[in-house]
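Colleague: Below is a structure I'd like to ask you about.
The values are calculated or read from the model by the stated rules, or taken from the named source; none is laboratory data. Since we're looking at a predicted model, the values are computed, not measured. A quick note on method: Cβ atoms are made from the backbone with ideal geometry, for glycine too, and the neighbour counts reach across all protein chains shown. These area figures cover heavy atoms from the full protein model, side chains too; ligands, DNA and RNA do not enter into them. Shrake-Rupley method; radii C 1.70, N 1.55, O 1.52, S 1.80 Å.
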Amino acid sequence: MSEEIVVIEGDGIGKEVVPAAVSVLEAVGDFRFVGAEAGDAVKDETGEALPQETYDTVAEADATLFGAAGETAADVILPLREAVGSFVNVRPARAYPGVDAVRPETDLVFLRENTEGVYSGHEDRLSDDLSTLTRVVTTSASERLAEFACEYVDERGADGFHVAHKANVMRETDGRFRDAVVDVAEREGVETEEVLMDAFATRVCLDPTQFDVVVCPNLAGDVLSDLAAGLVGGLGLLPSANVGPDNALFEPVHGTAPDIAGEGVANPSAAILSAAMLLDHLGYGDAADDVRAAVESVLADGPRTPDLGGDAGTEDVTTAVLKRLD
Ligand code: ATP
Ligand code: MG
């Protein structure tokens, strides 16, 4: 193992949880870490939230571990997703024993389309009274997502996947998305079930065990995966991956958490679990499983950070994870 991993701490608790995740990667592998800068602090210094040098380093690396950016989040993360050619945002949401959760039986993965939909940026102000948004959906991006979903289902050992959409109303755009995804799955012999995204929101709250892998358009995936985060006990636990054809960027779902930044009490679990996804991506599945097992065991037995009702700091939790990896 000597892949190059770019490390961007960013702002706020990114500066606390990313070093924790790096120490875990150091414990299980032999990687070359390259530090890079992005976010509010760099913007204050240089006028640019995302220096070209950072963009290029990320584009050329094997993988990137990113923390969080504050005010400049959109200026940083959207171009970085593009730098790795990311077409899917993978967001697992699972509850852990020992952590208070609204639905402790939750174990889901959202595969969110990451390039188009209503986040493709075509907004216009046509008059003082009227603004519009153009929603972009292509068959090619939908098919690429579906191909990824079919492989993912196979690796996870899932029975198939759900496609969340609203094609009964947005017949053209979500209709195209749904048709493309279902066609690919049929061709690959993967079972799919359609679910209207509003109905999904209710059903997942009542009984998350009805779902396993859920494929969504961009905005729906963003909202529904945050909803699932609420079911499993909060932001400090949720990792994510922005995956491209041969590069990927991993980040906790949470932001900079300005209310606790600098206090040394941020929960490093989401960042460490993002590092586990990074290990999977680089082909070190066993190391990834070891890291997940170590985090799970610490979540069950403590120490715990204040967001989970404990009084331990980021370093205490990280040290406990490292000890279990020994
Ligand atoms: P941003 O604008 O950067 O997203 P935010 O104010 O939305 O900042 P988040 O980081 O999204 O803050 O966090 C929302 C809430 O969840 C905050 O109260 C924060 O303290 C808490 N939180 C988020 N991540 C963690 C973590 N890793 N450990 C503990 N608490 C966290
Ligand atoms: Mg936030």
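Colleague: Name the single residue that is nearest to ligand 1 (Cβ to nearest atom) among those in the stretch 269-312 being assigned to a helix (DSSP H, G or I) and of a type in the set (D, E, K, R). Give the derivation first.
Modeller: In the first step, residues of the stretch 269-312 are kept if they are assigned to a helix (DSSP H, G or I); the result is 269-281, 285-301, 306-308.
Applying the additional criterion that residues be of a type in the set (D, E, K, R) yields 280, 286, 289-290, 292, 296, 301, 307.
On the way: Asp280: 21, Asp286: 26, Asp289: 22, Asp290: 22, Arg292: 17, Glu296: 17, Asp301: 18, Asp307: 4 Å.
Checked the stretch 269-312; the qualifying residue nearest to ligand 1 (Cβ to nearest atom) is Asp307.
Colleague: Would you mention how many residues in the stretch 234-271 are touching a Leu at 6+ places or on another chain (Cβ under 9 Å) and either of a type in the set (A, V, I, L, M) or open to solvent by 30 Å² or more (accessible area, probe 1.4 Å) (or both)?
Modeller: Result for the stretch 234-271: 11.
Colleague: Mind counting the residues in the stretch 44-74 that are over 20 Å from Ala270 (Cβ atoms), in contact with an Asp or Glu (Cβ under 8 Å, 6 or more places away or on another chain) and of a type in the set (Gly, Ala, Ser)?
Modeller: Number of matching residues: 2.
Colleague: Hey, can you tell me all the residues within the stretch 276-289 that are open to solvent by 60 Å² or more (accessible area, probe 1.4 Å) and touching a residue at least 24 places away in the same chain (Cβ under 8 Å)?
Modeller: His281
Colleague: Between Gly175, Gly117, Gly160, which is touching a Lys or Arg at 6+ places or on another chain (Cβ under 8 Å) and open to solvent by less than 50 Å² (accessible area, probe 1.4 Å)?
Modeller: On the way: Gly175 fails: touching a Lys or Arg at 6+ places or on another chain (Cβ under 8 Å); Gly160 fails: touching a Lys or Arg at 6+ places or on another chain (Cβ under 8 Å).
Result: Gly117 is the single residue among Gly175, Gly117, Gly160 that is touching a Lys or Arg at 6+ places or on another chain (Cβ under 8 Å) and open to solvent by less than 50 Å² (accessible area, probe 1.4 Å).
Colleague: So the check is Cβ under 7 Å with 6+ separation or different chains; which pairs have a first residue in the stretch 250-275 that's under 16 Å from Gly234 (Cα atoms) and a second one that's within 10 Å of ligand 1 (Cβ to nearest atom) and of a type in the set (S, T, N, Q)?
Modeller: Matching pairs, first to second residue: Val265/Thr305; Val265/Thr314; Ala266/Thr305; Ala266/Thr314; Asn267/Thr305; Pro268/Thr314.
Colleague: Let me confirm something: among Asp198, Asp159, Asp174, Asp226, which residue is touching a residue at least 12 places away in the same chain (Cβ under 8 Å) and either under 17 Å from the mean Cα position of the chain (by Cα) or within 16 Å of ligand 2 (Cβ to nearest atom) (or both)?
Modeller: Numbers: Asp198 fails: either under 17 Å from the mean Cα position of the chain (by Cα) or within 16 Å of ligand 2 (Cβ to nearest atom) (or both); Asp159 fails: either under 17 Å from the mean Cα position of the chain (by Cα) or within 16 Å of ligand 2 (Cβ to nearest atom) (or both); Asp174 fails: either under 17 Å from the mean Cα position of the chain (by Cα) or within 16 Å of ligand 2 (Cβ to nearest atom) (or both).
Of the residues listed, the single one that is touching a residue at least 12 places away in the same chain (Cβ under 8 Å) and either under 17 Å from the mean Cα position of the chain (by Cα) or within 16 Å of ligand 2 (Cβ to nearest atom) (or both) is Asp226.
Colleague: So, Val223, is that one aliphatic (A, V, I, L, M) and not in a helix (DSSP H, G or I) or not?
Modeller: No; evaluated as a whole, the condition is false for this residue.
Colleague: I've got another one for you. Is it the case that Ala320 is without any contact (Cβ under 8 Å) to a residue 24 or more places away in the chain, open to solvent by less than 50 Å² (accessible area, probe 1.4 Å), among the aliphatic types (A, V, I, L, M) and out of contact with any strand residue (DSSP E or B) (no Cβ under 9 Å at 6 or more places or on another chain)? So that I can check it myself, show each step before the final result.
Modeller: Details: without any contact (Cβ under 8 Å) to a residue 24 or more places away in the chain: yes; open to solvent by less than 50 Å² (accessible area, probe 1.4 Å): yes; among the aliphatic types (A, V, I, L, M): yes; out of contact with any strand residue (DSSP E or B) (no Cβ under 9 Å at 6 or more places or on another chain): yes.
Criteria met by Ala320.
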